[in-house]
1. Test each condition in (1) under 22 Å from VAL26 (Cβ atoms); (2) over 20 Å from the mean Cα position of the chain (by Cα); (3) of a type outside the set (Phe, Trp, Tyr); (4) surrounded by 13 or more Cβ atoms within 10 Å (Cβ to Cβ) for GLY220 and report the one that comes out false.
2. Within segment 66-84, how many residues are surrounded by 15 or more Cβ atoms within 10 Å (Cβ to Cβ), of a type outside the set (A, V, I, L, M) and within 20 Å of VAL218 (Cβ to Cβ)?
3. What residue, among those in segment 52-65 that are more than 15 Å from the chain's Cα centre (by Cα) and buried (at least 17 other Cβ atoms within 10 Å of the Cβ), is farthest from SER196 (Cα to Cα)?
4. Looking at (1) surrounded by fewer than 18 Cβ atoms within 10 Å (Cβ to Cβ); (2) outside any helix (DSSP H, G or I), which is the only condition PHE118 fails?
5. Does ALA136 count as of a type in the set (Gly, Ala, Ser) and either within 15 Å of the chain's Cα centre (by Cα) or under 14 Å from ILE210 (Cα atoms) (or both)?
6. Answer yes or no as to whether GLN134 is surrounded by fewer than 17 Cβ atoms within 10 Å (Cβ to Cβ) and under 22 Å from VAL106 (Cβ atoms).
7. Regarding segment 35-51, can at least one residue be identified that is touching a helix residue (DSSP H, G or I) at 6+ places or on another chain (Cβ under 8 Å) and under 19 Å from ILE214 (Cα atoms)?
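The values are calculated or read from the model by the stated rules, or taken from the named source; none is laboratory data. As the structure is a computational prediction, the values presented were derived from the model and not from experiment. Don't worry about glycine lacking a Cβ; one is built from the backbone with ideal geometry, like all the others, and counts go over all protein chains shown.
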Amino acid sequence: MLDNLSLGRHISGQFNAELESIRTHVLAMGGLVEQQLADSLKAMHQQDAELAKRVIKDDHKVNAMEVAIDEACTRIIAKRQPTASDLRLVIAIIKTITDLERIGDVAESIAKVALENFTNKQYNLLVSLEALGQHAVKMLHDVLDAFARMDVKAAVEVYQEDDRIDREYEAIIRQLMTYMMEDPRSIPNVLQVMWSARSIERVGDRCQNICEYIIYFVKGKDVRHTNPDEIGNVLK
């Protein structure tokens with residue numbers, strides 16, 4: 001509950017209820033996006049066309065949730081004129097749902113790649129994305145958990161995980177470049193896999209953004225463009 005996050009009580013109990021409702025909807029949206037991402041990766045690795053089509057079909061649900069939460073935040077700003085930490089929370093939520101919607105778009109795009117025709121040899125390229133994809137799903141899960149608890153320590157730990165995703169991504173790109181040079185006919189499909197790898201890597205960046213919003217809400221500090229090695233200083 002909001003009171004457990006040390007947001008304090010408002011004169012208006014209704015205001016508390018509105019903030020709590022919005023926060024609950026953000027977590028529901030995050031859960032849906034996490035499932036969409038996991039399903040799209042599963043569809044790609046298993047070449048499951050039906051699962052891929054379901055991910056694509058359900059993307060509208062993510063979009064609708066973003067619009068509904070955004071409208072609720074706008075109403076709170078207009079009606080309640082929140083100040084200090086309440087305003088920071090609303091701003092953090094508005095930014096978070098934008099990143100979640102874009103992760104939803106990544107899931108949809110990966111699902112579309114899963115519907116493409118790959119030869120057995122080229123299918124191994126899709127398999128090479130599995131570890132990167134699972135790492136991105138875990139990072140998303142962990143940042144949503146940090147958001148639920150508004151836990152700065154957990155947010156800093158998740159933020160620093162992105163370095164590992166970046167390294168995995170770079171290794172995959174080197175592998176794909178080598179593959180293209182050895183078999184130029186594979187270039188169209190390899191480029192699709194490369195684009196998918198880039199999309200998965202961007203999930204890590206989106207999760208980092210959400211970590212920044214958590215820190216902004218709790219600490220009142222804007223840590224955008226801060227050196228990753230210095231992010232831990234916010235805990236001091």
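1. In the conditions (1) under 22 Å from VAL26 (Cβ atoms); (2) over 20 Å from the mean Cα position of the chain (by Cα); (3) of a type outside the set (Phe, Trp, Tyr); (4) surrounded by 13 or more Cβ atoms within 10 Å (Cβ to Cβ), GLY220 misses (4) alone.
2. Final tally of qualifying residues: 2.
3. ASP58
4. It fails just one condition, (1).
5. Details: of a type in the set (Gly, Ala, Ser): yes; either within 15 Å of the chain's Cα centre (by Cα) or under 14 Å from ILE210 (Cα atoms) (or both): yes.
Yes.
6. Numbers: surrounded by fewer than 17 Cβ atoms within 10 Å (Cβ to Cβ): yes; under 22 Å from VAL106 (Cβ atoms): yes.
In short, yes.
7. Within segment 35-51, none of the residues are touching a helix residue (DSSP H, G or I) at 6+ places or on another chain (Cβ under 8 Å) and under 19 Å from ILE214 (Cα atoms).
Condition check ((1) touching a Gly at 6+ places or on another chain (Cβ under 7 Å); (2) touching a residue at least 24 places away in the same chain (Cβ under 8 Å); (3) closer than 29 Å to ALA131 by Cβ) across all residues:
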| residue | (1), (2), (3) |
| --- | --- |
| MET44 | no, yes, yes |
| GLU50 | no, no, yes |
| LYS53 | no, yes, yes |
| LYS61 | no, yes, yes |
| ALA64 | no, no, no |
| ALA78 | no, no, no |
| ILE93 | no, yes, no |
